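Let me begin by presenting the structure, written as C-alpha cells, before commenting on it.
The values are calculated or read from the model by the stated rules, or taken from the named source; none is laboratory data. Note that this is a predicted model, so its numbers are computed, not measured. Cβ placement follows ideal geometry from the backbone for every residue including glycine, while neighbour counts extend to all protein chains displayed. Surface accessibility is based on the protein's heavy atoms, side chains included, excluding ligands, DNA and RNA. Shrake-Rupley method; radii C 1.70, N 1.55, O 1.52, S 1.80 Å.
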Amino acid sequence: MSTDGNKKQFWKRNTAKVPGSIQHVYGAQHPPFDPLLHANLIKAGNKPQMTPGGKPKKATTFQEFESITSDAWDVGDDDDELLAMAAQNLNIEVVMETANQVIENHSKQQEKQRQDDADTSGLEHREEEEVHEEEVEEQEEEGEESTPEVLFAFEPSPLSDGRLVKSLSEAPIGSPKDASLHRQQSLPHRPTIPMVARIADQNTSGTPAMTEREASRLDKFKQVLAGPNTDLEELRKLSWSGIPRHVRPITWKLLSGYLPANTERRESTLQRKRQEYFGFIEQYYDSRNDEHHQDTYRQIHIDIPRTNPLIPLFQQASVQEIFERILFIWAIRHPASGYVQGINDLVTPFFVVYVFEYIKEEVENFDVSSLQEAALRNIEADSFWCMSKLLDGIQDNYTFAQPGIQRKVKALEELVSRIDETVHVHMQQYEVEYLQFAFRWMNNLLMRELPLRCTIRLWDTYQAEPEGFSHFHLYVCAAFLVRWRKEILDERDFQGLMILLQNLPTMHWGNEEVSVLLAEAYRLKFAFADAPNHYKR
C-alpha cells in the first residue's frame, strides 16, 4: 500500500465498493473496547498511517478524509474475500505486531499509573490504620467499651464529595490532585442503570415514581396544551428543562411544526399527512429494486440492523421494515443529499417517543407486533414527518462534501480554543484533529456518544431551542468536550486520546448529567453566539 495505485487496488476493485473497515463502532451504546475479548477485531482493524518519525499522519483536507471514509460501510464483497484481498497488499504479521505493541504499551502505562496510585494510597491507609489501632488499645486500657467500625476492602466507602470508590486502596487521600486521579475509577453515586434500560423518562436515581415537582410540571404542560390555541412560546419555555413522558409525543409534534397550534385542525392535519405518507409508499417503494434506486436501498438495508444493535426493539423485523420505508422515501424525495449513513440513527428517538402514545410499559423489549396495524401506521407516518422536519434544518450536513459538518467542526475547534486553550493545545500537541472525533458528533447529533434515554432528553431542549439541531448543537458539543477536560489532559499519546474520545464513559448518564451539559452549553451560547469575533484571536 505504498503507492496510490495499490491503495486504489485495495479500496476499489472492478469499480465495486468494499468496506473501509469491518470493525464495529464502539461508543456509549456499545460495550467498551477490550483487546482480550475482541482479538478478532484487532486482526481486521486498520493501523493509522504513520510518518517516518513514528507519529500519526496529520489529516490535511476534508476531501482527503472523505475519500478515505466515503465507502466505510458499503459492501461489495464477503468478509473472507476482503481479508484475502487485504492479505495480498498488507503484511499481516507486521500490522498485527505493531497494533498489539501499541495497545500493550498503552495498557502498561495505564497499569503502571494505577499501581503507583494504589501503592501510595495503600501506604497512607496503613498509617491511618496503625494510628486507629493505637487509639482503640488506649480506649480498652481505660475500660471504655469500643466498637470500631470494620470497613472491608471490597465494600464501597463514601467520600466527602458523595462518590463511592471500589476499595480503600482507591480512596483519594491527600491533595485534590490525588483525588482527581481516581475519578474515573470511582463508581457512580446511584444505582447502576443498565446500558439500554429505561429508554423512557429515566431519572438519575433510577426511581420511576413521579415526584411532586414532576407532577407540578406535568400539570403546567397539560394546562398549556388544553387551550384551543396552544401558546408555542410558553410550551418551548416549559420544554427547555425536559418534557414529561406523558405529553412528550404531542409536544414534539407541535414544536417540530408537524401539528398546528390550533386544536381543531390537528386531527384533520394528522389524517392528511398520514395519508400523504402512505401515498408515497404506494408510489415509490416498489421502485427500491430499480437500477437507479437499488444502491440507496441496499445501503439502507445494510445500516438498519446496525441501528442500536443492543436494544431488542430495533432488532424486530417489523421495526426494521418500518425504518427501511421511512429512510427510502425520505432519500428519494431529497435527491440533493439522498441517504447518508447517520440519518438512520435520527429516526430512533421519534419512533420510541411515538410508541409511548400507545403503551404504558417500557419500550426496550416491547413487541410492536402486539400493536394494532393502525397504531403502527400512525407511528411510522409521524416518525417520517418529524424526522423530515428535523433534517430540513440540517440538510447541508448531508449534501455533497457535507459542508455543514465542515463548518461546524471548524467552529467547534475555534470555540474550544477560546474557552479552554489548554485542552486545545494538548490535542494539537499530539496531532489529534477535531475532524477525527467531532465528525461523528455532528453527523449523528451525539447519538453514538450518549445512551438513547439521554438523547431523548437532549432533544427535548433541541426542540425548544431556536435552531436547536443546527446551531445550539455546536455549543452542546463544546460543553461535552470540555466536560472531559481532566481525562483528556491525562492522556499523553495520540492512541490514548482517540480511544478516549471515541469511547467516552457516558453509560450511566441520566437526566441530571444532560441538564448540566445543556446549562453549560447555554452559557457558552450566551457568551459567544452574538459575539462572533470572540471566536477569533
³J(HN,Hα), Karplus 6.51/-1.76/1.60, whole Hz, each residue of the range 321-326, x for Gly, Pro:
5, 4, 4, 4, 5, 4
Using the Cα centre of the range 213-393 as origin and beta-carbon charges of +1 (Lys, Arg) and -1 (Asp, Glu), tell me which of TRP330, HIS246, ILE300 is placed farthest towards the positive end of the dipole.
HIS246
Computed FRET value (nearest 0.05) for ALA261 with ARG213, which takes r as the C-beta separation and R₀ as 25 Å
0.40
Starting from the residue with the highest accessible area, list ASP382, ASP231 in decreasing order, probe 1.4 Å.
ASP231, ASP382
Need one number: convex hull volume per residue for the range 286-384, Cα atoms only, in Å³.
94 Å³
Evaluated at 25 °C with a viscosity of 0.890 mPa s, what Stokes-Einstein diffusion coefficient in µm²/s does the range 385-460 have when Rh comes from the Kirkwood expression over alpha-carbon pairs?
176 µm²/s
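Can you give the Rg to Rh ratio for the range 401-536, taking only C-alpha atoms and Rh from Kirkwood? List each step's numbers first, then the result.
Details: Rg = 14.1 Å, Rh = 15.1 Å.
Using only Cα positions, Rg/Rh for the range 401-536 is 0.93.
What value does the range 213-393 have for Rg/Rh, both radii from Cα atoms and Rh as Kirkwood defines it?
Using only Cα positions, Rg/Rh for the range 213-393 is 0.98.
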What percent do you get for the relative contact order of the range 401-536 when only Cα pairs under 8 Å and 6+ apart count?
32 percent
Using a 10 Å cut-off on Cβ atoms, rank the peptides 332-344, 363-375 from the highest mean neighbour count down.
332-344, 363-375
Mean-position separation - Cα centroids, the range 371-396 and the range 336-354, in angstrom:
9 Å
For the range 297-409, give the percent of accessible area contributed by carbon and sulfur heavy atoms, probe 1.4 Å, rounded to a whole number.
52 percent
